[in-house]
Structure formats: C-alpha cells, structure tokens
1. How much of the DSSP beta bridge set in the chain is antiparallel, as a percent to the nearest 5?
2. Under 11 Å from the 7 Å Cα→Cβ point of Glu149, by amide nitrogen: which residues of segment 198-236?
3. Can you give me the distance in nm between label points at Asn224 and Leu156, each placed 7 Å from the Cα along the Cα-to-Cβ direction?
4. For labels at Trp88 and Asn178 in the simple 7 Å Cα→Cβ model, what's the distance in nm?
5. Pairs of lysines 8 or more apart, or on different chains, with alpha carbons under 13 Å: count those in segment 15-133, would you?
6. Within 10 Å of each candidate Cβ there may be at most 16 other Cβ atoms; applying that plus a DSSP loop requirement, which trypsin sites (Lys or Arg not before Pro) in segment 1-73 survive?
7. Heads up, I need the accessible area for Met13: 1.4 angstrom probe, whole protein in place, Å², nearest 10.
8. Compute the Kirkwood hydrodynamic radius of the chain, taking the inverse of the mean of 1/r over all pairs of distinct Cα atoms, and give it in Å to one decimal.
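The values are calculated or read from the model by the stated rules, or taken from the named source; none is laboratory data. All figures in this text were calculated on a predicted structure; none of them were measured in a lab. Every residue, glycine among them, receives a Cβ derived from its backbone with ideal geometry; neighbour counts consider all protein chains shown. Side chains included, ligands, DNA and RNA excluded: accessible areas come from the protein's heavy atoms. Shrake-Rupley method; radii C 1.70, N 1.55, O 1.52, S 1.80 Å.
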Amino acid sequence: MQKECVLLHGWGMNQGVWHQLLPKLATLKSDYVFKALDLPGFGQNDFLPEPYTLENVAKSIVKEITDQTCIIAWSLGGLVALYIAKHWPEKVSKIVMVASSPYFTQQDNWPGIKVEVLDNFVVQLQRNTQKTIERFLAIQALGSEHAKEDIKALKLSINDHPDPNPIALQAGLNILLNDDLRNEFSTLSVPVYGIFGRLDSLVPKEAIKCMHDLNPRFESQILNKASHAPFISHSDEFITALKRYV
C-alpha cells in the first residue's frame, strides 16, 4: 500500500499553490501518493482553532494525515511540519522543508526577516488585507530572474479558492514572528531535508548553514536562481531536487 505525502502551503496562500506541481509529482517513481492540504482558515479549510496557535494548527493537521506521512512544507507550513514531527513522530516518515526555517525572525545569531518588517505587516494587515498579501507575494519573488511571472503564477494559483480568514492571517504572522522551533529542529527523531532558493530574502542562505549547525543530520539543496517559491519559478529543478528525498 502506498503511503501519503502531504503538501502544506505558506502564509496567505492555500493548497492551490501546489496544483501546477501535483501532476509532475504524480509521475515520480515514488512510494507516496501526493495530496495538498489547506491550513486552518485558508482556502477550503474554514476551521479556526481557538486560540489560533501553532500547537492547535498542528493538532488539526494531525487529524488529517495517516501514520508515517511524508510532509513537504513550504515557508510557514514548515513550522507546522516540525511541530507535528516533534510531538507526533509516529505520524511523520520524513519532512522536506521548502524555503522554510525553524525560526523566521532575524536575531543577532540567526539570519531571518527583520522584526520591523514583520511588525509592519501586522499593522498593514489591519488596514488593507489584499494589499498586504500582494506585498508579501512581491517579497517572495524578490531576486528571481522572472519575478513578475512568479507573482502572477502565485496569484493565479490561489485565486480559485476562498480568501483567507483575517483571524488566520493575523495569527499566522504572529507565528512567523514569535514561534521558535530551533530546539525542536535540533532534536528531531525523523529525517528532515530542505530545498531552498539562493535569492530568497525571507529565508536567507546564511540561515541554511545555521540549520546544518543545529542538526548535523539535516540535508539540503539550494537552487541558485530561485527565490522563496522555487517549486513555481523553477519547478523542473525543484522536482529533480525532490527526487533525492521522496
């Protein structure tokens, strides 16, 4: 019997971001059946845990996956995957983190997103949700050699699904700002891999080295011309990288 490989999206998005990739994944000679899920409050998933915390988001996703699931997790989804693997290790066979990090906020000893940038997103989100999401899309494509096309592809992918719930958006930013899973990442009992874009401004390449220092068993690949959404901007290279892990 084939096992499941679940794909988790990032902040402000939904499972639609994976739909162009799923047909290519289906052609892989793999032990897994691939499916994409919506995080709570995003896309078709209208469930809102109370309070909306990383722990409660992870609990809701755990109910939707079988034992020994492979999780491919992009950006914010990576934090959810790490939390599940730490607290329900029987549910996870391996994690592939895509442009993700156990801690997204920049600190003196940790490369990441500047606190003021995330704080500004929190403020802007309360004023104009749509513009804030569009600005976040633009940041994700920074550095890509075809940034405009990447942004357009992301918009098209997510627009076929319901708009995200404002509570989920606000709470998701708080998770990116505050949740630190570096200790969990360093002590994981399941294999964890990473695929990154060298031009990513949200998960800078310096953070990848720090992740290797935290967990010597961690394996990663960097796509030289990709940014924060390598599975969209460089899907063929992404599939080639993914083959090593699934």
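1. In the chain, approximately 5 percent of DSSP beta bridges are antiparallel ones.
2. Label zone hits: 233-235.
3. Modelled inter-label distance: 2.8 nm.
4. Here the answer is 2.3 nm between the modelled labels.
5. 5
6. The qualifying sites are Lys29, Lys63.
7. Counting only protein heavy atoms, the figure is 0 Å².
8. About 17.7 Å for the chain.
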